[in-house]
Amino acid sequence: MSIPVLVVTGFLGAGKTTLINTLLAQAQNRRISAIVNDFGAINIDADLIAGSADSVVGLQNGCICCTLQGDLLRTLKLVLSRPVRPDHILIEASGVADPRGITEALMDPILRDAVRLDAVVAVVDADEVASNPQRRQDDLWRAQVAAADFIALAKTAGLAPGEISGLRANLGAQNKAMIFDTGEETMPIDALFVTNRPLFAPAGSHGDGMPFDASRFAAVEWQSEEAIHAGRFQAVIQALSPMLIRAKGIVNFVEKPGNSFLLQMVGRRASLTRLSQSQPGCRLVLIGEAAIFDPATVRGRLADMSKPPF
């Protein structure tokens, strides 16, 4: 299965390194390879360092960091050549670059079977944008925001509530991405890094036992031992998509016997990819913001997928 890639973009000085440090510090048991522009700026506790070779540093908590060195493809190959396969790859985009350069590089024929773009996080310096409204008209700044599945507001401490709400409204008008305040809110680690190895409830059960911050997120897991009908699946996902931040899982369709498909959905991006090896049954995990994501409603909709075709 391809390794998911999280891209962190944002203007120079926006706070990308601070966000990356926070993500690495809260990696828990995830193995994260971080590809950064300035390795020296990454705050690595000396107690976590397990060993290093060349520009790659391995950490006891499973993180691996290396410098971008101006060659993303070469650096990705270096990460992929390591004996321990990472669960996630985190890439810091240059502050003066459109992140589409990285997303296009990930489509390179040499890499696309090994890695895939999972999500883009744009870091916005709230204080700088509030004091310099012209920044919002900058083409590069707008391109970084437009590319985002998540928007992280940094440096909000000195702003009035009205300024923050105004910025949120402005960003929301440009992009329907999830917006979170890095200074006031818990980092949504579980939404940013959806593991390749989800722990599902026992077969045939329905639950929402994933360890999310109950004040912000809700999650539902669903399983079926049987294949489902493609039309039902499409209708259910379309109905639920407005309330979803993430959806991920494996599905088998009655219409495609012997083939299993990987569903990946984040923000506005969704894909359904045939797996090289079939797996029995169906299993999905869906994540949304608790304010609009009602687990009972979601489970009811998911139950429809086990019904006969229309």
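The values are calculated or read from the model by the stated rules, or taken from the named source; none is laboratory data. Note that this is a predicted model, so its numbers are computed, not measured. Every residue, glycine as well, gets a Cβ built from its backbone with ideal geometry; the counts of neighbours run over all protein chains shown. Remember, those area values only see protein heavy atoms, side chains included, never the ligands or the DNA or RNA. Shrake-Rupley method; radii C 1.70, N 1.55, O 1.52, S 1.80 Å.
Quick notes on this structure:
- Count of residues meeting criterion [at pLDDT 90 or above and either open to solvent by 40 Å² or more (accessible area, probe 1.4 Å) or over 19 Å from Glu225 (Cα atoms) (or both)] in segment 240-258: 6
- When Ala270 is tested against (1) modelled with pLDDT of 85 or more; (2) open to solvent by 40 Å² or more (accessible area, probe 1.4 Å); (3) among the aliphatic types (A, V, I, L, M), only condition (1) is not met.
- Residues within segment 284-303 that are assigned to a helix (DSSP H, G or I) and either of a type in the set (Ser, Thr, Tyr) or touching a strand residue (DSSP E or B) at 6+ places or on another chain (Cβ under 6 Å) (or both), tallied: 5
- Residue list for segment 70-101, restricted to those being open to solvent by 50 Å² or more (accessible area, probe 1.4 Å) and of a type in the set (Gly, Ala, Ser): Gly70, Ser81
- Residue that is modelled with the lowest pLDDT [pool: residues in segment 281-310 that are open to solvent by 60 Å² or more (accessible area, probe 1.4 Å) and closer than 23 Å to Phe180 by Cα]: Ala291
- Filter result for Ala130 (open to solvent by less than 10 Å² (accessible area, probe 1.4 Å) and small (Gly, Ala, Ser)): no
- Selection count where residues are touching a helix residue (DSSP H, G or I) at 6+ places or on another chain (Cβ under 7 Å) and either assigned to a strand (DSSP E or B) or in contact (Cβ under 8 Å) with a residue 60 or more places away in the chain (or both), scope segment 125-160: 10
- Of all the listed residues (Glu185, Glu163), the sole one being outside any helix (DSSP H, G or I) and of a type outside the set (Val, Ile, Thr) is Glu185.
- Residue in segment 202-210 that is at pLDDT 85 or above, among the small types (Gly, Ala, Ser) and not in a loop (DSSP other than H, G, I, E, B) present: no
- Spans of strands (runs of 3 or more DSSP E) in segment 10-123 with at least 1 residues at pLDDT below 85: 49-53, 56-59, 64-67
- Subset of segment 102-117 (residues that are touching a strand residue (DSSP E or B) at 6+ places or on another chain (Cβ under 9 Å) and open to solvent by 10 Å² or more (accessible area, probe 1.4 Å)): Ile102, Thr103, Met107, Ala114, Arg116, Leu117
- Pairs, first more than 19 Å from Ala296 (Cβ to Cβ) and part of a helix (DSSP H, G or I) in segment 215-240, second among the basic types (Lys, Arg) and open to solvent by 40 Å² or more (accessible area, probe 1.4 Å), C-beta under 7 Å, six or more apart: Arg232/Lys307
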